[in-house]
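Student: Below you'll find the structure I mean.
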Amino acid sequence: MVFTQARAEVRGHLQIRSLLARQCLAEFLGVFVLMLLTQGAVAQAVTSGEAKGNFFTMFLAGSLSVTIAIYVGGNVSDALQNYTGGNLTVTGPKETASIFATYPAPYLSLNNGFLDQVLGTGVLIVGLLAILDRQNKGVPAGLEPVVVGMLVLAIGLSMGANCGTPLNPARDLGPRLFTYVAGWGPEVFSAGNGWWWVPVVAPMVGATLGTATYQLLVALHHPEDPEPVQHLVSAQHKASELKTPASAQVLECKL
């Protein structure tokens, strides 16, 4: 009893009244968990020379981190210095900038990279809208984050080789700014023929096209709710009964 009262008092003093502030804090914590787990998996694979991780484990951790981050709110270790010898590089066999932000594969042009991100984000949004669409098959309540994580994993495993599928400006721009001020320097913006803007702009284009695609091909074609029609028919039937003479109603009953 005493503990309950104390907790209520603490909650009364610490609880934030502003809805916007609470939403921002939840979003902050969710993104923090997402970035920590995603980049931790990449760092483990890169700094161990893929002895303790690989392409699959990085994307698996990334997709699971999406699941956990959604449930939640929806540090650079010594291993990094040991791996690089203190030389923070963006390109080359000992590069570590890709732990934090995404960079294109050597064969990928800016145009193809832009298309890659538009397509990947478009598929992500189509999948998300289908998962959340209550007029579609639907997902059991509470399992939406799990299915979203599976969706991200599928996209990563099928499209991730080109540039790591950032799919979200928050996944790439913030960490890139961090590497810029933390020692990697301005090359984080010039590498890949100025790749940095693609993960910022292309996902927004892809999200718009993905939304339009789902709306035009699926959402607008759901069957209309039959209840209003049933109510209308019932009302018309009652109205016709009121207008019909009593003798005619009795005759109808006998027939």
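Student: Look through the stretch 45-72, keep the residues that are more than 21 Å from residue 163 (Cβ to Cβ) and of a type in the set (Ser, Thr, Tyr), and return whichever of them is farthest from the chain's Cα centre (by Cα).
Tutor: 48
Student: Go through the residues of the stretch 5-18 one by one and say whether even a single one is surrounded by 13 or more Cβ atoms within 10 Å (Cβ to Cβ), out of contact with any strand residue (DSSP E or B) (no Cβ under 7 Å at 6 or more places or on another chain) and either of a type in the set (S, T, N, Q) or modelled with pLDDT of 85 or more (or both).
Tutor: The answer is no, given that none of the residues of the stretch 5-18 is surrounded by 13 or more Cβ atoms within 10 Å (Cβ to Cβ), out of contact with any strand residue (DSSP E or B) (no Cβ under 7 Å at 6 or more places or on another chain) and either of a type in the set (S, T, N, Q) or modelled with pLDDT of 85 or more (or both).
Student: If we keep just the residues of the stretch 73-113 that are modelled with pLDDT of 80 or more and of a type in the set (Phe, Trp, Tyr), which is farthest from residue 45 (Cα to Cα)?
Tutor: 107
Student: Turning to a different aspect of this structure: Report yes if residue 42 is aliphatic (A, V, I, L, M), outside any helix (DSSP H, G or I) and either over 15 Å from the mean Cα position of the chain (by Cα) or at pLDDT below 75 (or both), otherwise no.
Tutor: Here the answer is no, as residue 42 does not meet what is asked.
Student: Just checking: which of the helices (runs of 4 or more DSSP H) contained wholly in the stretch 191-254 hold 2 or more residues that are modelled with pLDDT of 90 or more, within 30 Å of residue 98 (Cα to Cα) and hydrophobic (A, V, I, L, M, F, W, C)?
Tutor: Where helices (runs of 4 or more DSSP H) fall fully within the stretch 191-254 and carry at least 2 residues being modelled with pLDDT of 90 or more, within 30 Å of residue 98 (Cα to Cα) and hydrophobic (A, V, I, L, M, F, W, C), they are 198-217.
Student: Would it be correct to say that residue 151 is surrounded by fewer than 16 Cβ atoms within 10 Å (Cβ to Cβ) and either farther than 18 Å from residue 42 by Cα or under 17 Å from the mean Cα position of the chain (by Cα) (or both)?
Tutor: Here the answer is no, as residue 151 does not meet what is asked.
Student: Restricting the stretch 117-146 to residues that are open to solvent by 60 Å² or more (accessible area, probe 1.4 Å) and either within 18 Å of residue 159 (Cβ to Cβ) or assigned to a loop (DSSP other than H, G, I, E, B) (or both), which is modelled with the highest pLDDT?
Tutor: This residue is 119.
Student: Still on this model: When residue 164 is evaluated against the numbered criteria (1) in a helix (DSSP H, G or I); (2) of a type outside the set (Lys, Arg); (3) under 16 Å from residue 98 (Cβ atoms); (4) open to solvent by less than 60 Å² (accessible area, probe 1.4 Å), which criterion, by number, is the only one it fails?
Tutor: Of the numbered conditions (1) in a helix (DSSP H, G or I); (2) of a type outside the set (Lys, Arg); (3) under 16 Å from residue 98 (Cβ atoms); (4) open to solvent by less than 60 Å² (accessible area, probe 1.4 Å), the odd one out for residue 164 is (1).
Student: Right, another one. Is it the case, given these coordinates, that residue 185 is surrounded by 12 or more Cβ atoms within 10 Å (Cβ to Cβ), modelled with pLDDT under 90 and within 24 Å of residue 94 (Cα to Cα)?
Tutor: Here the answer is no, as residue 185 does not meet what is asked.
The values are calculated or read from the model by the stated rules, or taken from the named source; none is laboratory data. Small disclaimer: the values here were computed from a predicted structure and weren't measured. Reconstructed Cβ throughout: ideal geometry from the backbone, glycine too, with neighbour counts over all protein chains shown. For the accessible areas, the whole protein counts, side chains as well, though only heavy atoms, and no ligand, DNA or RNA atoms are used. Shrake-Rupley method; radii C 1.70, N 1.55, O 1.52, S 1.80 Å.
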